[in-house]
Amino acid sequence: MLDFSDLPVVDAHCHPYTRKDALSPDQWVDALAFGGGSPAYLREGGIDVDAAALTMLGRLKRDTLYFRFMLRRLAEYFGVEATVEAIAASRNRAIAHEGYAKYAQKLHQAGKIETLIVDDGYPLPQINLDTFRAETGVEVLPVFRIEVLIQDLLDDGCGWREFQRRYDESIAEALGNRGYRGLKSIIAYRTGLDIDPASRSPDQGRVALERLRRARGRGGDDPVKSLRDHLFCRAIERCIDFDAPFQVHTGMGDWEVHLAACRPALLMELLRYPAYRACKFLLVHTGYPYHAEAGYLANVLPNIWCDISEGLPFAGNAGKRIIAEVLEMAPISRVCYGSDVYGSPEPFYTSALLGKQALGQALGELIDDGFMSVGEAQDAARLILADNARELYRI
Amino acid sequence: MLDFSDLPVVDAHCHPYTRKDALSPDQWVDALAFGGGSPAYLREGGIDVDAAALTMLGRLKRDTLYFRFMLRRLAEYFGVEATVEAIAASRNRAIAHEGYAKYAQKLHQAGKIETLIVDDGYPLPQINLDTFRAETGVEVLPVFRIEVLIQDLLDDGCGWREFQRRYDESIAEALGNRGYRGLKSIIAYRTGLDIDPASRSPDQGRVALERLRRARGRGGDDPVKSLRDHLFCRAIERCIDFDAPFQVHTGMGDWEVHLAACRPALLMELLRYPAYRACKFLLVHTGYPYHAEAGYLANVLPNIWCDISEGLPFAGNAGKRIIAEVLEMAPISRVCYGSDVYGSPEPFYTSALLGKQALGQALGELIDDGFMSVGEAQDAARLILADNARELYRI
Amino acid sequence: MLDFSDLPVVDAHCHPYTRKDALSPDQWVDALAFGGGSPAYLREGGIDVDAAALTMLGRLKRDTLYFRFMLRRLAEYFGVEATVEAIAASRNRAIAHEGYAKYAQKLHQAGKIETLIVDDGYPLPQINLDTFRAETGVEVLPVFRIEVLIQDLLDDGCGWREFQRRYDESIAEALGNRGYRGLKSIIAYRTGLDIDPASRSPDQGRVALERLRRARGRGGDDPVKSLRDHLFCRAIERCIDFDAPFQVHTGMGDWEVHLAACRPALLMELLRYPAYRACKFLLVHTGYPYHAEAGYLANVLPNIWCDISEGLPFAGNAGKRIIAEVLEMAPISRVCYGSDVYGSPEPFYTSALLGKQALGQALGELIDDGFMSVGEAQDAARLILADNARELYRI
């Protein structure tokens, strides 16, 4: 059995969080569980959010394997029973006793987490990264989510000339002066990954914005998609200018993701388009559950990285399967650990534990099946847990 | 090794059958094997159905893992060799000796099958459920397949005003007075799951029916799809009125299913549409081989159930993989055992055996990997084999 | 543990190669690794191909599991260390010592490879098969790739009357007189597998060719797709005339494949279209990573075969998963071993080793799970490794 628990971790994709001191058991579940709906979701559907509905929502969250794993690992960490009540009490006690920063730092250290690449476009309003750095005690390097900027410019009401100028300048400022290490796009949540690669012309942006602003004109294309496709291609060009990686959300997200339009396969025409071959793309979440497509792209195209976040840890025991299936085709040097976690230090720790366990299982099977030696597996683990991301982000 | 053989079973999706007494070995294969074509299929393709063709068809049926598993388990049940001839002779002898009802009851009891949720829209003409109940000795609760009603109304030739009235009244009568516990749709076999959620307006039904009836008019949409989308959305509203679940076929079917249009992902826009959030949807067959999509939907949306039928047992050894992969995201309380079997009592028994074996393997791996305790696994098995369906159908 | 190493192999899909004597380590990697980009690919993207870029390309190739497996098995074969340098030196020494043909023959014999079904449409210019036969010492049976012919006719500039005549005559000559055992299409690389089955009319070919040739006329359909769809359907009809199998590329290819349009599911309407039911279709690469779809089609339709090539060996350790998942639904008699390898004798040998190992693992699990006896597994292995292809190609 391979044991990678002592290896350092760079989390290639996650989100900053703010301090949360004492939490009731239910608050802790709300902050950390994944999926399962919310009172607001039900209310928007005209459903009465009574006690029974709240019980149902809480039960769904506790009935996921993600949550069960986290609970068991934290029970071991705190030395208590694996119940929400015991864990919430333990964390509150620890925070009261040693202070929030110390509590957070110990969990990150227990997971050997050295660096976090964070998308600070979630949650909103944006979190102060200096505070976050101070509280977690780890290196924090941000990527810049273009959809936050796009929404600001849409809300502002400016015309195309100004829109275009401010879009380019904000990205250049982020990459050039503000310490952002790359861009990030969640276009899979908006108009989908079937982006037309031939969308670079500023005319496309102008026409689409005018149709949106004035609700007039007609044409074959959806102006929303046409505008977003243009801005996506324009962001690729900025990444090339700055030699910065572009994180693209692929596959699973939350209830708002456009599931029929988030497959990595839809990106293929764009990824291999000659004008964009100089850009380094990180396929965020490696497209789970369509992760084999991401691995394929990382094999046949030389500028593609996969991070295994979100599927690991939010898809329960999928981690070892995701790693094994992505490595069917992706070169070992193109797969990065990531978690996509947020909200509180606990899941950063348990996700690192799960990642190391899953990697041990997946690589152990490759040794058994004659694909690599123990030494090669140890090298692969170091690359996937940290060094591939360090190379990509020049850390 | 977890052993769930003594746990009771509610089959969340299957079909009624009529008594079949003595069967020749070939008749038994024809009645119970899955897939592989038929003489009628070949003839429609202009192919001569000679002895060689018949041999080929029989061989394909016997060469599936589904069939091999059933044969081996029935050989153990009867204490004979695992050959079609020995099994067919054993069943004929048992039926002649103890009577058909006793034979059927013993098999259902051997599988600990307590309740069958049956879609009596297959086979046609519809089977008398009182006879079926008496012969099987188990609780039988039907769901109402809307496509049988739609076909009757299309065949009848009535106009929209009457079509609409009879459609609503028949569904209300089924759910309110005739004992049906929910609705079922196989729209995946007809026009596909990419149903436009904004199809509730009766005008959409009227225009589409008139274009179909008179073969005139023009418009962007296919009137067949437009009509079926409207009737589907209308059925959701009736489910909400009666607080009855809606079973939606997703994924694999037989040779007639629309494979490119049966993925659960295509349903996402509809499932999260505010007007339909109060409806409980059961994704029948959990969309196999796209079952990870169904698990995802059951995670992020609070009103989705998955049944693992058809993939288990018809997809051979897929069962443990289907359960493991659906549970990656679906809450434990949202996954139901089902079989989709039909025709004779034998596969009801062998499917229950396979389901329990697969569940034991999948949950055993979750224990080994630190996701749950043995006690939690036993609770999960009870939920998946029976209690989740009991809660959904209020049994 | 099942050991199939002594069983004979028919490779249902691979490519001929020419002799390559002494190769430097880097040349050997270039000839045999799969994926990872090329200097030409980078240059077309305006990227400077400097020493660092070449190092990166070489590293990606060596970092795939496919390459690692090949290296380790060849190290065992030659009795040297598993390094590129040691293997390249060993092969060069062996070829210099015993001659190229002897070297090639020993590797094919070590894999017990008796027959190769080769698509001689790759590489181009086409390789002389008599030379290839003499050098490998195995039976070599070609299939005819229609896209080579189509490209010749497009390049020639002839009108539809001549295009149509030469297309039909060339295929008839290939199948009737030139020893080709079937046709092959890579339309998945061109316009995708969503072929309209109602494309048989010669009028469709004429109109499309004229629109292409003269860049004029207008219509709803893409003339490129319309022409290729027609020629594909026309090829099916020739296969039926000659009772020859039709190999259709599905799923993964290289960087040029149309990934969003290569799923086997897209073929379903065509495969079940009555006019084409008499054609035997081999779904090449069984659609990996969409292989479950191919298995499904092989279950519900009686005229579908799956070959497991390309995923095995190019997708690393995917082989056992591909076999297990295809056999979930495909009848045992409809699955064939294949490799898709090319270039040099080494991967023919290591692919056969991997195929036998993966088959042993997949069938071993089916024995453990009660689906078959050891004897049935041995029969299944013989069928999949050789006899199913022999029956399909009447060898």
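Scanning segment B:117-126 for residues that are under 18 Å from B:ARG19 (Cα atoms) and open to solvent by less than 20 Å² (accessible area, probe 1.4 Å) yields B:VAL118, B:ASP119, B:ASP120, B:GLY121. Based on what the data block shows, is B:VAL248 in contact (Cβ under 8 Å) with a residue 60 or more places away in the chain and either part of a loop (DSSP other than H, G, I, E, B) or on the phi > 0 side of the Ramachandran plot (or both)? No, not satisfied.
I need a count of the residues in segment A:315-364 that are part of a helix (DSSP H, G or I) and more than 14 Å from chain C (Cβ to nearest Cβ).
Qualifying residue count, segment A:315-364: 20.
If the condition is being in contact with a Lys or Arg (Cβ under 7 Å, 6 or more places away or on another chain) and more than 21 Å from A:ARG390 (Cα to Cα), then segment A:276-305 contributes A:GLY287, A:TYR290, A:GLU293.
Within segment B:321-344, track down each residue that is under 18 Å from the mean Cα position of the chain (by Cα) and free of Cβ contacts under 8 Å to residues at least 60 places away in the same chain.
First, the residues of segment B:321-344 that are under 18 Å from the mean Cα position of the chain (by Cα): B:322-323, B:326, B:334-344.
If the condition is that a residue be under 18 Å from the mean Cα position of the chain (by Cα) and free of Cβ contacts under 8 Å to residues at least 60 places away in the same chain, then B:ILE322, B:VAL326, B:ARG334, B:VAL335 are the ones that fit.
For first residues located in segment A:381-394 and touching a residue at least 24 places away in the same chain (Cβ under 8 Å) and open to solvent by less than 10 Å² (accessible area, probe 1.4 Å), partners that are part of a loop (DSSP other than H, G, I, E, B) and among the hydroxyl-bearing types (Ser, Thr, Tyr) and lie 6+ apart or on another chain with Cβ distances below 9 Å form the pairs A:ILE384/A:TYR337; A:LEU385/A:TYR337; A:ALA386/A:TYR337; A:ASN388/A:TYR337; A:ALA389/A:TYR337. What is the number of the single condition among (1) modelled with pLDDT under 95; (2) under 17 Å from the mean Cα position of the chain (by Cα) that C:ASP156 does not meet? C:ASP156 satisfies every listed condition except (2).
For segment B:365-395, which residues satisfy the criterion of being outside any loop (DSSP other than H, G, I, E, B) and of a type in the set (A, V, I, L, M, F, W, C)? Residues satisfying the conditions are B:LEU366, B:ILE367, B:VAL374, B:ALA377, B:ALA380, B:ALA381, B:LEU383, B:ILE384, B:LEU385, B:ALA386, B:ALA389, B:LEU392. Counting only residues that are at the interface with chain A (Cβ under 10 Å from one of its Cβ atoms) and open to solvent by less than 50 Å² (accessible area, probe 1.4 Å), segment C:40-56 holds 5 of them. In this structure, does C:ARG59 turn out to be surrounded by fewer than 17 Cβ atoms within 10 Å (Cβ to Cβ) and within 12 Å of another protein chain (Cβ to nearest Cβ)? Yes.
Among the residues of segment A:301-327, those identified as under 22 Å from C:LEU312 (Cα atoms) and open to solvent by 10 Å² or more (accessible area, probe 1.4 Å) are A:LYS320, A:ARG321, A:ALA324, A:GLU325. When the test is whether a residue is surrounded by fewer than 16 Cβ atoms within 10 Å (Cβ to Cβ), in contact (Cβ under 8 Å) with a residue 24 or more places away in the chain and farther than 25 Å from B:LEU259 by Cα, C:GLY205 does not pass it.
In the condition set (1) surrounded by 17 or more Cβ atoms within 10 Å (Cβ to Cβ); (2) within 18 Å of C:SER226 (Cα to Cα); (3) under 18 Å from the mean Cα position of the chain (by Cα), C:ARG181 is compliant with all but (2). For segment B:244-251, the criterion of being within 11 Å of another protein chain (Cβ to nearest Cβ) and touching a Cys at 6+ places or on another chain (Cβ under 6 Å) is satisfied by at least one residue. Just one residue in the set A:GLU114, A:GLU85, A:GLU76 is under 26 Å from the mean Cα position of the chain (by Cα) and surrounded by fewer than 21 Cβ atoms within 10 Å (Cβ to Cβ); that residue is A:GLU114. Scanning segment B:268-292 for residues that are touching a residue at least 40 places away in the same chain (Cβ under 8 Å) and in contact with a Gly (Cβ under 9 Å, 6 or more places away or on another chain) returns B:TYR273, B:ALA275, B:TYR276, B:LYS280, B:LEU282, B:VAL284, B:HIS285, B:THR286, B:TYR290, B:HIS291. Against the condition at pLDDT 95 or above and farther than 25 Å from A:GLY316 by Cα, how does B:ARG277 come out, does it pass? So B:ARG277 passes the test. When the criteria are applied in full, B:CYS279 fails the requirement of being in contact with a helix residue (DSSP H, G or I) (Cβ under 9 Å, 6 or more places away or on another chain), closer than 19 Å to C:LEU193 by Cβ and open to solvent by less than 10 Å² (accessible area, probe 1.4 Å).
The residue of segment A:253-271 that is farthest from C:MET252 (Cα to Cα), among those that are part of a loop (DSSP other than H, G, I, E, B) and modelled with pLDDT of 95 or more, is A:CYS262. In segment C:90-105, which residue that is charged (D, E, K, R) and free of Cβ contacts under 8 Å to residues at least 12 places away in the same chain is most open to solvent (accessible area, probe 1.4 Å)? The extreme case among them is C:ARG93.
Residue-wise test of (1) over 28 Å from A:GLY287 (Cα atoms); (2) of a type in the set (Phe, Trp, Tyr).
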| position | (1), (2) |
| --- | --- |
| A:LEU141 | no, no |
| A:CYS158 | yes, no |
| A:TYR167 | no, yes |
| A:ALA174 | no, no |
| A:ASN177 | yes, no |
| A:ARG190 | no, no |
| A:SER199 | no, no |
| A:PRO202 | yes, no |
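Restricted to segment B:10-89, the set of helices (runs of 4 or more DSSP H) holding at least 3 residues that are without any contact (Cβ under 8 Å) to a residue 24 or more places away in the chain and closer than 26 Å to B:LEU385 by Cα comprises B:65-78.
Each residue in segment A:363-377 was checked for being closer than 26 Å to A:PRO245 by Cβ and surrounded by fewer than 16 Cβ atoms within 10 Å (Cβ to Cβ), and 0 of them qualify. Scan segment B:215-240 for residues that are open to solvent by 10 Å² or more (accessible area, probe 1.4 Å) and either touching a residue at least 24 places away in the same chain (Cβ under 8 Å) or closer than 15 Å to B:PHE163 by Cα (or both) and the total you get is 9. Of all residues in segment A:272-311, those being more than 9 Å from chain C (Cβ to nearest Cβ), part of a loop (DSSP other than H, G, I, E, B) and charged (D, E, K, R) number 1. Here C:ASP243 meets the list (1) surrounded by 22 or more Cβ atoms within 10 Å (Cβ to Cβ); (2) farther than 28 Å from A:VAL300 by Cβ; (3) among the acidic types (Asp, Glu) almost entirely, failing just condition (1).
Going by the conditions given, is A:GLY179 modelled with pLDDT under 95 and within 29 Å of A:SER201 (Cα to Cα)? Taking the combined requirement at face value, the residue does not satisfy it. Under the condition of being over 23 Å from C:GLY121 (Cβ atoms) and open to solvent by less than 20 Å² (accessible area, probe 1.4 Å), the residues counted in segment C:16-35 number 2.
The values are calculated or read from the model by the stated rules, or taken from the named source; none is laboratory data. What you see is a predicted model; the values in this text were computed from it and never measured. Because the Cβ atoms are built from the backbone with ideal geometry, glycine has one as well, and the counts that use them run over all protein chains shown. Ligands, DNA and RNA are stripped out before the accessible areas are found, and what is left, the full protein with its side chains, is counted by its heavy atoms. Shrake-Rupley method; radii C 1.70, N 1.55, O 1.52, S 1.80 Å.
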